[in-house]
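Taking it in order: structure first as structure tokens, then the write-up.
We did not get these values from a lab; they are worked out from the coordinates using the rules stated. Since the model is a prediction, treat every value here as computed from it, not as a measurement. Note that we place each Cβ from the backbone using ideal geometry, even for glycine, and neighbour counts take in every protein chain shown.
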Amino acid sequence: MKAKSESESRKPSSVPALGSDAHTERFIAAAKLFGPDLTEGFRPTYFEFEAKSATLNMRLPKELLGALKAKAQAQGIPYTRYVRQVLEYVVTR
């Protein structure tokens, strides 16, 4: 029989009823919060979730389109989304 790892045997603790902001802040400061740190690595998204109401048609060299598709595939996203992200990056910098 395989022994359970620490994360498998750890049961989630219940969150106590917190009566005030001060109690909540003390609880969070003392709590051992496990899991990924989601405070880093995110960047603001300005246009991605807006309705796509305009169309852009352009001619590109095959090699450039191939490079764009390869980069998009490496990130696991459609190349059209990757092109939008590149354009957004240029516009918002």
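From most to least packed by mean Cβ count within 10 Å, the peptides 47-54, 79-86, 61-68 give 79-86, 61-68, 47-54. Put a dot 7 Å past the Cα of Thr24, heading toward its Cβ, do the same for Arg84, and the two dots end up 3.4 nm apart.
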